[in-house]
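To keep things clear, I will list the structure first and then write my remarks on it.
The values are calculated or read from the model by the stated rules, or taken from the named source; none is laboratory data. Everything numeric in this text was worked out from a predicted model, so none of it was measured. For neighbour counting, all protein chains shown are included, and Cβ atoms are generated from backbone atoms with ideal geometry for every residue, glycine included.
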Amino acid sequence: MNIKKILAATLLTSSLLSGAYIAPVGGLVPAAHAEQVKLPNVKILATGGTIAGSAASNTATTGYTAGALGIDILINAVPEMKEIANVTGEQIASVGSPNVNNEILLKLGKRVNELLASDEVDGIVITHGTDTLEETAYFLNLVVKSDKPVVVVGAMRPATAISADGPFNLYNAVKLAGDPAAKGKGTMMLLNDRIGAARFTSKTNTTMLDTFKAPEDGYIGAIAGGKNYFYSEVIRKHTTKSVFDISKLSELPQVDILYGYQNDSRLLYDALVAAGSKGIVVAGSGNGSLSGQAREGAIDAAKKGVAVVRSSRVGSGIVTRSATDDTNNFVASDSLNPQKARILLMLALTQTNDPKKIQAFFNEY
Ligand code: SIN
């Protein structure tokens, strides 16, 4: 089946379900009898990803082109969104999320701040590939200067697949972004009916639908029966309490990640220092441990003014400060995984090179 036929089938199903009826909790009622309420204005900023992915067949869930479909196609495929919000869209990028770079992050962050400063926008949804979704979400969590809802959404199945998860995820994300109760919660991630905080939630499975989890801290809420439910708050600093300001930045400092493993060496540390890297996040073993050789490389990097953050390759848990971090000028990542630690370190380096002050950021954010 080609893309046009697949999307036509999706649209037909959607309009049959939504055309003359709306579906509140408890059953269908004629739209004409529905209470007239002022709908929130929600802007969708599209960046690409599987949610906008197109495959050669409707059973293909791998090997497809991410980011192939534009924002108008995504919006038109879910006409039900018009019942819950005044939705408009804008294309920021059309890439698979491994290709989201610092330039796209800055462009997106500045546009989100510009839009949220307007009374005409009540909330923002960002469509994004799932592979690096948590990095963009955590970046926005640190640089957005508004308490209005910002929701990053993705999908594990391409838009052309049978039972694609994108349309309902997008509908739910719009529902969340337009909800005044979702204000002040930091950037949220919405997939599979779960509301995750950008600070805590990560991709944990390569292909399964329920890949986004917050193993230690839990989701902050859920969507059920068309209603948003909230259960917890993020107390780490974010959005309006964050000191990070990207409004005048045209680039971010280069920060790289090195993985720790048996028999590793200092080679890559030396290479990053020589290449002008400003920060190195170590995905160390266990509680952020480094081999003797890697440690020597990291110590010399720190002596040359490169910020070194010890994180962990384990996937969950806290990297605690060790007795030697003071003498080595190392920073411990707290519970940030390497990819989120890189985001915070880039922003921290826009303010200071002092390892003690950088550590304070990792303790607070
Ligand atoms: C991507 O991250 O762009 C591809 C994978 C996905 O969106 O699930």
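Among the residues making up segment 90-112, those that are away from the ligand (no atom under 16 Å from the Cβ) and surrounded by fewer than 19 Cβ atoms within 10 Å (Cβ to Cβ) are GLU90, ASN102, GLU103, LEU106, LYS107, LYS110, ARG111.
Taking the stated definitions as given, is GLN351 part of a helix (DSSP H, G or I) and polar (S, T, N, Q)?
no
Any residue in segment 198-219 that is assigned to a strand (DSSP E or B), among the small types (Gly, Ala, Ser) and either in the same structural domain as ASN113 (by TED's automatic domain parsing) or surrounded by 13 or more Cβ atoms within 10 Å (Cβ to Cβ) (or both)? Checked segment 198-219: at least one residue is assigned to a strand (DSSP E or B), among the small types (Gly, Ala, Ser) and either in the same structural domain as ASN113 (by TED's automatic domain parsing) or surrounded by 13 or more Cβ atoms within 10 Å (Cβ to Cβ) (or both). Looking at segment 114-125, can you tell me whether even one residue there is crowded, with 20+ Cβ neighbours inside 10 Å, in the same structural domain as GLY178 (by TED's automatic domain parsing) and within 16 Å of the ligand (Cβ to nearest atom)? Checked segment 114-125: at least one residue is crowded, with 20+ Cβ neighbours inside 10 Å, in the same structural domain as GLY178 (by TED's automatic domain parsing) and within 16 Å of the ligand (Cβ to nearest atom). For segment 188-198, the criterion of being in contact (Cβ under 8 Å) with a residue 24 or more places away in the chain and over 17 Å from the mean Cα position of the chain (by Cα) is satisfied by no residue at all. The residues listed here are GLY305, GLY276; of these, the one that is surrounded by fewer than 22 Cβ atoms within 10 Å (Cβ to Cβ), farther than 12 Å from ASP256 by Cβ and at pLDDT 95 or above is GLY305.
Under 8 Å between Cβ atoms, at least 6 apart or on separate chains: pull out the pairs that start in segment 103-128 with a residue that is over 21 Å from ASP72 (Cβ atoms) and without any contact (Cβ under 8 Å) to a residue 60 or more places away in the chain and end on any residue that is away from the ligand (no atom under 16 Å from the Cβ) and of a type in the set (A, V, I, L, M). Sorted first by the residue in segment 103-128, then by its partner, the pairs are LEU116/ILE124; LEU116/VAL144; LEU116/VAL150. Residues of segment 113-145 that are part of a helix (DSSP H, G or I) and under 18 Å from VAL234 (Cα atoms): GLU134, GLU135, THR136, ALA137, TYR138, PHE139, LEU140, ASN141, LEU142, VAL143. Here ALA77 meets the list (1) among the small types (Gly, Ala, Ser); (2) more than 15 Å from the ligand (Cβ to nearest atom); (3) closer than 29 Å to ASP245 by Cα almost entirely, failing just condition (3).
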